[in-house]
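These notes are about the structure you will find just below.
The values are calculated or read from the model by the stated rules, or taken from the named source; none is laboratory data. This is a predicted model, so every value here is computed, not measured. With ideal geometry, Cβ positions are generated from the backbone for all residues, glycine too; neighbour counts draw on all protein chains shown.
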Amino acid sequence: MLSALPYVLASAFLVPGILALLIRNPRRSRVVGFGGGAVASFLSLVATLAGAMREVPMRIPLPAPVPWTASELFLDGLSAFFLALVFFIGFLVSVYAVGYMKEFDAHRRGQAAPLLMNLLLLSMAFVVSAGDMLSFLLGWEAMSLASYFLVVLDHEKKEARQAGLIYLIATHIGTGGILLAFLFLVRTTGSFSFNGFATVPIADPSIVAAAFGFALLGFGTKAGIFPFHIWLPYAHPEAPSPVSAVMSGVMIKMGIYGIVRFLFFLLPSPPASFGATLLALGLLSGVFGVLYAIIQHDLKRLLAFHSVENIGIILTGIGAASLCQATGRPDAARLLLVGGLFHVLNHATFKALLFLGAGAVLQGAHTRNIEKLGGLMRGMPLTGVAFLAGSLAISAVPPFNGFASEFAIYRGLWAAAGGAGTGGVFLAAMAGLALIGGLAVVCFVKVVGTVFLGNARSAQASAARDPSVAMEFPMGTLALVCLGLGVFPSLVLDRLMEITSFLSSAGVTAGAAVPAAGGTPFTVAIALAIAIGGLSLLRTFLLRRNGRRAGSTWGCGFPYATPRMQYTASSFADPILHVFQGILRPHTTRTERLSGRFLLEVEHETHFHDLLENGLYLPVYRLFVQAAFQARRLHPGYIHLYLGYILGAVVLLLVFFH
Amino acid sequence: MTSAAHILLFVLLGPLLVGVVRKTKAFLSCRQGAPVFQPYLDLWKLFRRGIVRSTTASWVFDLSAPVVLGASLVLAAATPLWSRAVPLPMHFILFLYLMALPRFFQTLAGLDTGSAFGGLGSSREVAVSAMAEPALILSFCGLAYLGGADTVSGMVAGVPRERVLWHPEVILLAGTMFLLLLAENARIPVDDPATHLELTMIHEAMVLDHAGVDLAMIQMASGVRLVLFSALVSGTLFPEALSLPPFLAIPAAVLKVVLSGALIGATEAGMARMRLSRIASYLLIATVLAAIALAVRYAG
């Protein structure tokens with residue numbers, strides 16, 4: 001019975017996808033393909049929450065993909081948590097895609113999207129439940145390829161093709177790293193299964209360090225950790241919005257899953273330096289991610305940089321957890337890991353919400369450039385409310401869920417800093433997180449303010465309207481979940497405390513993640529609701545008595561204020577840009593066209609030089625291209641030369657191995 | 001009942017503090033100045049006025065004033081002003097992050113009217129607050145160590161008496177908190193609350209399109225937040241005042257607020273407003289001071 005489960009799951013996702021390919025009518029194809037995916041995800045979510053989470057650890061044997069190996073699915077608490085995440089976001093995004101993907105109705109290739117999307121969801125479910133290296137890598141590759149094809153779905157656009165290429169290269173470098181990391185473990189333990197890795201102790205610390213280094217490269221590339229994040233800001237904007245939501249909300253978390261799996265389950269007692277490295281990379285990702293996000297004009301590119309930031313926050317929690325584990329602070333370690341994992345869920349919720357909102361904006365106003373938007377709250381009130389909820393959540397404003405998980409991380413850092421010795425590191429991490437949080441507020445006030453408030457900056461922005469119910473329902477649900485998890489964080493925290501019980505068994509309960517006396521998120525939410533509600537009523541009452549008039553915005557007495565006089569997103573970001581210009585490197589060029597003494601036209605352009613792209617990746621890329629041109633001489637197209645190569649190879653083999 | 005009294009005290013002392021600041025400033029610059037109680041009269045006037053609402057504004061604008069005042073009152077409920085006990089004890093991280101809620105809505109309302117003034121003020125406000133964040137969290141960490149508690153009320157009340165005043169940690173932390181008080185409450189040298197020149201102002205530009213009841217709520221919230229910060233600074237320096245019997249505690253709180261007002265006023269009178277580009281280094285100074293206070297703790 002149990003062994004049939006993987007097949008049932010696979011067919012539940014793949015059959016609707018294949019049917020969608022066969023159906024001629026594009027609308028029906030969407031409904032069958034994505035609708036089928038949504039139903040499959042929903043049922044799997046229920047099964048995971050009601051069944052799998054209570055039955056862990058659970059093993060399901062699989063037919064071996066390669067002879068002489070054994071494959072199995074192995075579900076423990078951690079897997080079940082990520083599995084639930086995949087299905088939860090998968091369900092809502094599939095519902096959304098039913099409405100959104102009508103953009104592709106004109107193209108036959110749009111009908112491949114359901115199959116690819118369902119394959120992506122299925123392969124992610126496979127990745128987190130794989131119990132051995134081979135099935136893990138198979139799932140990983142299926143995930144990477146399915147997402148690649150989804151990124152280039154719009155392949156008529158040059159940007160999409162370029163983004164796809166960058167993503168493909170990045171993801172394969174990543175897979176290479178993971179493969180090497182696993183091979184180090186396989187070679188020393190002689191086993192392919194995760195349980196086998198964990199049971200055989202590895203004595204040589206240099207092997208452990210090498211495995212960790214390659215795992216960090218591999219999983220870090222997928223997760224978008226600085227400095228491996230380079231593909232994210234290209235691939236996320238070009239992919240169709242539901243795909244961006246899945247990629248940013250769930251797929252990059254597979255990298256986090258891999259890091260947690262390696263660090264806390266597969267590697268034997270990792271030294272403090274691993275955790276310290278992750279902590280430093282986490283803070284760097286956070287600060288760089290949010291700083292680059294602040295200067296973006298492309299709504300989806302901005303959100304992509306925020307994924308880098310949030311992965312940084314998650315990694316700060318996980319890295320600090322590992323550091324605490326290595327330095328004898330088990331209780332703090334547990335809180336930090338719980339906080340990091342909770343932020344995985346929360347980021348998935350609000351980032352999926354924000355990408356879905358961005359998709360609705362894109363479909364309504366046909367532009368991602370926030371300098372051309374504005375005033376959308378009037379035409380798209382529902383999208384606006386949902387996007388505002390997501391923005392409050394991502395800016396970690398209580399009582400939304402982004403705060404709940406950062407709070408757990410802070411409490412862990414605070415508990416760790418209390419111990420003697422290296423406590424200062426954790427205080428510095430707290431200051432870093434605080435800066436990241438403050439900058440995130442800057443960025444999302446900018447986004448909500450310029451996109452949804454004020455006056456429309458273009459005709460298409462004023463014509464934008466709320467999307468169909470299929471697209472509104474997922475956004476509304478996600479917004480409610482953002483608030484719900486913020487007000488009742490213990491729903492998830494309790495569960496995560498159980499999952500992480502291997503770190504410390506000492507009487508740490510969920511109460512440690514939520515302060516007991518007063519001031520819990522719940523009481524604060526109640527207090528806020530009473531205060532704000534009461535004052536709103538008072539305001540309404542006073543206005544009814546005192547009167548209210550509609551007038552134009554104050555324009556210093558001049559009546560002709562136009563939308564062009566509004567503050568732009570670039571101006572809004574300018575103070576931050578000014579302070580951090582050493583990192584952001586703005587380059588401005590100004591060209592003037594004169595006629596005699598009169599100035600006719602001035603052109604003013606500002607560009608940002610990405611330090612990593614120009615300093616590291618482009619030179620390496622050029623080196624590769626040059627090497628490839630040199631290597632081209634080896635295959636000039638003469639068959640006799642190729643036969644000569646074969647002869648040479650045979651001779652060499654005979655010489656060396658005979 | 002005491003909860004209501006606690007919050008009412010914040011609401012009532014806010015205008016007094018603003019009045020004292022203005023009077024001190026006027027006195028030190030050899031002017032007569034408005035009466036100390038003028039801010040009360042201003043609020044009374046504004047509460048009885050209607051509003052002119054921009055046709056561009058959305059519901060976010062309507063919600064902004066209640067959110068700003070409401071969240072400030074919830075923050076006040078966690079701050080010890082006249083006794084150790086507060087209506088809503090709050091972890092200091094929650095307290096700091098809750099400060100972002102009024103800021104978020106205030107700055108959004110600034111952008112909601114489509115005015116360049118609002119955008120300008122909002123942009124500067126969020127930038128200043130973001131850069132103040134590390135200093136705030138480090139100084140709260142320092143206070144939490146000092147007071148041996150992680151709720152805001154507990155840590156202020158727990159500052160040990162014998163260490164007060166001539167101990168470097170206390171001086172450094174109170175100094176940092178005072179620098180942050182000036183930055184977070186739109187005071188000189190970061191912002192100038194008296195000017196209406198758009199090139200220099202932050203807070204005033206942001207609320208330019210608010211009128212009547214809305215403006216009254218926002219000014220009241222500013223007063224509450226100023227009292228809140230003053231309570232934190234003076235609470236760190238004189239924690240004894242929090243354990244007095246009630247009939248002495250309330251006059252002591254009033255005295256603390258009046259003294260804070262005089263100190264803020266004297267600072268404002270003796271200084272010019274900084275250029276905007278210097279604010280970052282000002283806040284960096286605050287961060288480093290807080291870090292030194294923490295380092296002193298690790299050393300001692």
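Before moving on, here are some points about what is shown:
- Residue list for region A:572-595, restricted to those being within 12 Å of chain B (Cβ to nearest Cβ), crowded, with 16+ Cβ neighbours inside 10 Å and part of a helix (DSSP H, G or I): A:572, A:573, A:574, A:575, A:576, A:577, A:579
- Any hit, region B:230-244, residues being touching a helix residue (DSSP H, G or I) at 6+ places or on another chain (Cβ under 9 Å), more than 11 Å from every other protein chain (Cβ to nearest Cβ) and loosely packed, with under 15 Cβ neighbours inside 10 Å: yes
- The residues of region B:208-229 that are assigned to a helix (DSSP H, G or I) and among the small types (Gly, Ala, Ser), listed by number, are B:212, B:216, B:221, B:222, B:223.
- When residue B:211 is tested against (1) modelled with pLDDT under 90; (2) more than 28 Å from residue B:275 (Cα to Cα); (3) surrounded by fewer than 23 Cβ atoms within 10 Å (Cβ to Cβ), exactly one condition is not met: (1).
- Answer residue from region A:414-453, given it is more than 9 Å from chain B (Cβ to nearest Cβ) and either in contact with a Phe, Trp or Tyr (Cβ under 7 Å, 6 or more places away or on another chain) or of a type in the set (Val, Ile, Thr) (or both) and is farthest from residue A:369 (Cα to Cα) among those: A:422
- One residue stands out in region B:130-188 among those that are in contact with a Pro (Cβ under 8 Å, 6 or more places away or on another chain) and among the hydroxyl-bearing types (Ser, Thr, Tyr): the one that is farthest from residue A:437 (Cα to Cα), namely B:153.
- Being under 21 Å from residue A:280 (Cα atoms) and surrounded by 23 or more Cβ atoms within 10 Å (Cβ to Cβ) is a condition met by at least one residue of region A:440-447.
- When residue B:181 is tested against the conditions (1) within 14 Å of another protein chain (Cβ to nearest Cβ); (2) within 15 Å of the chain's Cα centre (by Cα), the lone failure is (1).
- If you filter region A:396-419 down to residues that are within 21 Å of the chain's Cα centre (by Cα) and not in a helix (DSSP H, G or I), you find that the one that is surrounded by the fewest Cβ atoms within 10 Å (Cβ to Cβ) is A:397.
- Taking region A:72-189 as the region of interest, the helices (runs of 4 or more DSSP H) fully inside it that hold 3 or more residues being of a type in the set (A, V, I, L, M) and surrounded by fewer than 20 Cβ atoms within 10 Å (Cβ to Cβ) are A:133-151, A:158-189.
- Any hit, region B:55-73, residues being out of contact with any helix residue (DSSP H, G or I) (no Cβ under 9 Å at 6 or more places or on another chain), among the polar types (S, T, N, Q), farther than 21 Å from residue B:239 by Cβ and facing chain A (nearest Cβ under 7 Å): yes
- Criterion (crowded, with 24+ Cβ neighbours inside 10 Å, of a type outside the set (Phe, Trp, Tyr) and over 17 Å from residue A:403 (Cα atoms)) met by exactly one of B:71, B:100, B:76: B:76
- Test: residue A:485 is within 14 Å of another protein chain (Cβ to nearest Cβ) and either in a helix (DSSP H, G or I) or modelled with pLDDT of 90 or more (or both): no
- Of the criteria (1) more than 17 Å from the chain's Cα centre (by Cα); (2) under 17 Å from residue B:125 (Cβ atoms); (3) not in a loop (DSSP other than H, G, I, E, B), which one residue B:273 fails: (3)
- Within region B:135-169, tally of residues that are under 28 Å from residue B:221 (Cα atoms) and assigned to a helix (DSSP H, G or I): 17
- Close pairs from region B:180-202: first under 11 Å from residue B:128 (Cβ atoms), partner at pLDDT below 85, Cβ under 6 Å, at least 6 apart: B:186/B:193
- Any hit, region B:251-268, residues being of a type in the set (Lys, Arg) and more than 14 Å from every other protein chain (Cβ to nearest Cβ): yes
- Residue within region B:288-298 that is within 14 Å of chain A (Cβ to nearest Cβ), assigned to a helix (DSSP H, G or I) and more than 20 Å from residue B:143 (Cβ to Cβ) present: no
- Number of residues in region A:596-639 that are touching a strand residue (DSSP E or B) at 6+ places or on another chain (Cβ under 6 Å) and part of a helix (DSSP H, G or I) equals 0.
- Where residue A:411 falls short, out of the listed (1) at the interface with another protein chain (Cβ under 9 Å from one of its Cβ atoms); (2) of a type in the set (Lys, Arg); (3) under 26 Å from residue A:477 (Cα atoms): (3)
- Scan region B:43-62 for residues that are surrounded by 21 or more Cβ atoms within 10 Å (Cβ to Cβ) and of a type in the set (Val, Ile, Thr) and the total you get is 3.
- Complete set of residues in region B:152-172 that are of a type in the set (A, V, I, L, M) and within 14 Å of chain A (Cβ to nearest Cβ): B:152, B:155, B:157
- Whichever residue in region B:88-99 is closer than 13 Å to residue B:130 by Cα and in contact (Cβ under 8 Å) with a residue 24 or more places away in the chain and, among such residues, is farthest from the other protein chains (Cβ to nearest Cβ): B:99
- Filtering region A:192-205 to residues that are polar (S, T, N, Q) and surrounded by fewer than 18 Cβ atoms within 10 Å (Cβ to Cβ) leaves A:195, A:199.
- Identity of the residue in region B:112-151, among the hydroxyl-bearing types (Ser, Thr, Tyr) and facing chain A (nearest Cβ under 7 Å), that ends up farthest from residue B:202 (Cα to Cα): B:151
- Within region B:89-134, the set of residues being over 15 Å from the mean Cα position of the chain (by Cα), hydrophobic (A, V, I, L, M, F, W, C) and under 24 Å from residue A:412 (Cβ atoms) comprises B:90, B:92, B:93, B:94, B:130.
- In region A:551-566, residue farthest from residue A:447 (Cα to Cα) [restricted to those that are free of Cβ contacts under 8 Å to residues at least 40 places away in the same chain and surrounded by 11 or more Cβ atoms within 10 Å (Cβ to Cβ)]: A:551
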